[in-house]
Amino acid sequence: AAARGHHMAPQSLRCAWQLHGDHLELTYGNTLMRLDFVWLRDHCRSASCYNAKTNQRSLDTASVDLAIRPQAVRVDESTLFLTWPDGHVTRYGLEWLVKNSYEGQKKQVMHPRILWNAEIYRQAQVPSVDCRSFLETDEGLKKFLQNFLLYGIAFVENVAPTKEDTEILAERISIIRETIYGRMWYFTSDFSRGDTAYTKLALDRHTDTTYFQEPCGIQVFHCLKHEGTGGRTLLVDGFHAAEQVLRQAPEHFELLSRVPLKHEYVENVGGCHNHMIGVGPVLNVYPWNNELYLIRYNNYDRAVINTVPHDVVRRWYHAHRALTTELRRPENELWVKLKPGKALFVDNWRVLHGREAFTGYRQLCGCYLTRDDVLNTARLLGLQA
C-alpha cells in the first residue's frame with residue numbers, strides 16, 4: 001500500500017499526502033499537487049543544492065538518479081520534509097509548493113491586466129505622468145509602469161520635443177533596442193524606407209516587427225511637429241479583442257494560437273537592403289494556463305501562407321476574420337492626437353496601433369525598448385510583471 005499522511009495546518013488548511021510510484025500527491029488547502037520525485041530533489045533549497053546569495057541552483061541536475069524515491073516523508077503545519085536514500089533532507093514550505101507547482105501555476109495569472117475598449121479606457125481616466133516625476137522619482141516611475149502593465153499604453157507629459165529628450169525618457173525604463181531602423185528614429189512621410197508607414201497614407205491597426213523572430217516589446221512615439229491636418233493615432237487592445245473571440249468561438253482562438261505563420265519584410269530603398277522573416281502564430285499563449293502574452297497581427301507584412309495544410313487553411317481564415325471583426329469594431333478604437341510634449345509608450349505585444357491619413361509636414365521620433373528590461377524595472381519597484 002502507498003504511504004499516506006495528513007496534517008491540519010494553520011487556518012484549518014488541511015494537508016494530506018500519498019506516495020505513488022514516481023511522485024508525491026500532496027493536497028494543501030484547495031490545491032491538489034502531483035510532485036515528481038526527481039522534481040522534488042532537483043528543486044531542493046538546502047545550502048548544498050542552492051545558492052541563496054545568487055538565487056542560483058548548485059545541484060547538478062544530471063547527477064540526480066531518475067529513479068530516485070524518498071525514504072521518508074513528514075509534514076508539519078507549514079513544511080514538507082523529504083529524506084532521500086543518501087540521507088540528504090529537503091525541506092519545502094507548503095505555501096511555496098502551492099505557488100510553484102504546476103497545479104498552482106495553472107491558477108495564477110502571470111501578468112495582471114485590465115482589458116479595455118475605448119469607453120472602458122476613458123471611464124478609467126488613466127492619468128498621464130509628468131516628465132519630471134517620471135525621470136526623478138520612483139513614485140512617478142512606478143505610477144507610469146503600473147498604468148502601462150495594466151492597460152498596455154501609458155503617456156508622459158511635458159517632454160521637451162526633441163529626439164535627445166525622448167531618448168532620455170526611454171532609457172529611464174529600458175535599454176533601447178537597436179534594429180534595422182536604427183537606435184532612435186525620425187519618422188516622416190518621405191518614403192525614405194520601403195514601408196507604408198513612411199507615407200501620408202492611413203495605416204490600419206497592426207503590431208510592429210512581426211517579421212522579427214521576437215517582435216519588439218515596447219514602442220515609444222513622440223510627435224515633434226505637425227503642420228497640417230489628420231494623423232490621429234489609433235490604439236486597439238488586441239487582448240480585449242482576442243478575449244471576445246475566446247468567449248464567442250473558442251475553436252477560433254485555439255486555431256489562431258496553434259497555427260504558425262510567416263511574416264516578411266523585404267526592403268530595397270536607397271542604401272537600405274533588408275529581408276527579415278519571423279515565424280509564429282497570431283496569438284501566443286502560455287500553455288499551462290492559456291494566458292495570452294503576445295499578439296502578432298500585421299496584414300501588411302504577413303507572408304504567403306505556406307505553413308498550413310489545405311484542410312486547415314479555410315478554418316484559419318474564418319478564425320482570422322473573427323479576430324479582425326473584433327479588432328475593427330468602432331467601440332474598440334481609441335483615437336489619440338499626438339502632440340509635441342506628449343510621449344506615448346505602447347506594448348507592442350498587446351496593443352495594435354495605426355493612424356489616419358494626414359496632410360502637411362509631420363515628424364515623429366521614437367524607438368523600440370527591450371521588453372525584458374521594462375519588466376525588470378517594474379519588478380524592482382515591487383510590481384507584478
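The values are calculated or read from the model by the stated rules, or taken from the named source; none is laboratory data. Predicted model only: the values in this text are computed from it and were never measured. Here the Cβ positions follow ideal geometry from the backbone for every residue, glycine too, while neighbour counts run over all protein chains shown. With ligands, DNA and RNA removed, areas are computed over all heavy atoms of the protein, side chains included. Shrake-Rupley method; radii C 1.70, N 1.55, O 1.52, S 1.80 Å.
In segment 81-89 there is no residue that is among the polar types (S, T, N, Q) and either closer than 30 Å to LEU169 by Cα or under 31 Å from the mean Cα position of the chain (by Cα) (or both).
Listed here are the helices (runs of 4 or more DSSP H) enclosed by segment 137-248 that have at least 1 residues being closer than 28 Å to ASN274 by Cβ and open to solvent by 10 Å² or more (accessible area, probe 1.4 Å): 163-171. Checked against the criteria, GLU77 counts as modelled with pLDDT under 95 and among the acidic types (Asp, Glu).
If you go through segment 250-279 and pick out every residue that is free of Cβ contacts under 8 Å to residues at least 24 places away in the same chain and closer than 30 Å to LYS99 by Cα, you end up with 3. Of all residues in segment 359-383, none satisfies the criterion of being of a type in the set (S, T, N, Q), part of a loop (DSSP other than H, G, I, E, B) and modelled with pLDDT of 95 or more.
Considered as a group, the residues in segment 93-119 that are buried (at least 17 other Cβ atoms within 10 Å of the Cβ) and among the hydrophobic types (A, V, I, L, M, F, W, C) include one that is farthest from the chain's Cα centre (by Cα), and that residue is LEU94. Restricting attention to segment 122-136 and to residues that are touching a strand residue (DSSP E or B) at 6+ places or on another chain (Cβ under 6 Å) and assigned to a helix (DSSP H, G or I), the residue that is surrounded by the fewest Cβ atoms within 10 Å (Cβ to Cβ) turns out to be CYS131.
Go through the residues of segment 247-258 one by one and say whether even a single one is within 24 Å of PHE212 (Cβ to Cβ) and at pLDDT below 95. Within segment 247-258, none of the residues are within 24 Å of PHE212 (Cβ to Cβ) and at pLDDT below 95. Of the residues making up segment 33-57, those that are closer than 23 Å to ALA67 by Cα and among the aliphatic types (A, V, I, L, M) are MET33, LEU35, VAL38, LEU40. Residues in segment 337-358: is at least one open to solvent by 10 Å² or more (accessible area, probe 1.4 Å), over 24 Å from PHE148 (Cβ atoms), part of a strand (DSSP E or B) and at pLDDT below 95? Looking through segment 337-358, at least one residue is open to solvent by 10 Å² or more (accessible area, probe 1.4 Å), over 24 Å from PHE148 (Cβ atoms), part of a strand (DSSP E or B) and at pLDDT below 95.
Only strands (runs of 3 or more DSSP E) whose full extent lies in segment 20-121 are considered here, and the ones with at least 1 residues that are touching a Cys at 6+ places or on another chain (Cβ under 6 Å) and of a type in the set (A, V, I, L, M, F, W, C) are 72-75. Exactly one residue among LEU169, LEU261, LEU234 is more than 28 Å from ALA303 (Cα to Cα) and assigned by the TED database to the domain that holds ALA322, and that residue is LEU169. Annotation note: of GLU331, GLU326, the sole residue that is open to solvent by 40 Å² or more (accessible area, probe 1.4 Å) and closer than 22 Å to LEU115 by Cα is GLU331.
In the same structural domain as VAL282 (by the TED database), open to solvent by less than 30 Å² (accessible area, probe 1.4 Å) and in contact with a His (Cβ under 6 Å, 6 or more places away or on another chain) - does that describe any residue in segment 311-321? Yes: one or more hits. Of all residues in segment 256-272, those being farther than 12 Å from VAL312 by Cβ, in contact with a strand residue (DSSP E or B) (Cβ under 8 Å, 6 or more places away or on another chain) and surrounded by fewer than 17 Cβ atoms within 10 Å (Cβ to Cβ) number 3. PHE253 meets all of the listed conditions (1) assigned to a loop (DSSP other than H, G, I, E, B); (2) open to solvent by less than 30 Å² (accessible area, probe 1.4 Å) but one, namely (1). If the condition is being at pLDDT 95 or above and either β-branched (Val, Ile, Thr) or touching a Ser or Thr at 6+ places or on another chain (Cβ under 6 Å) (or both), then segment 105-148 contributes ILE114, ILE120, VAL126, VAL129, THR137, GLY140. As for segment 181-196, it holds at least one residue that is more than 25 Å from LYS262 (Cα to Cα) and free of Cβ contacts under 8 Å to residues at least 60 places away in the same chain.
Of the numbered criteria (1) touching a residue at least 40 places away in the same chain (Cβ under 8 Å); (2) under 26 Å from LEU255 (Cα atoms); (3) among the charged types (D, E, K, R), the one GLU356 fails is (2).
Checked against (1) assigned to a loop (DSSP other than H, G, I, E, B); (2) under 15 Å from the mean Cα position of the chain (by Cα); (3) closer than 30 Å to ARG122 by Cβ, ASN299 passes all but condition (2).
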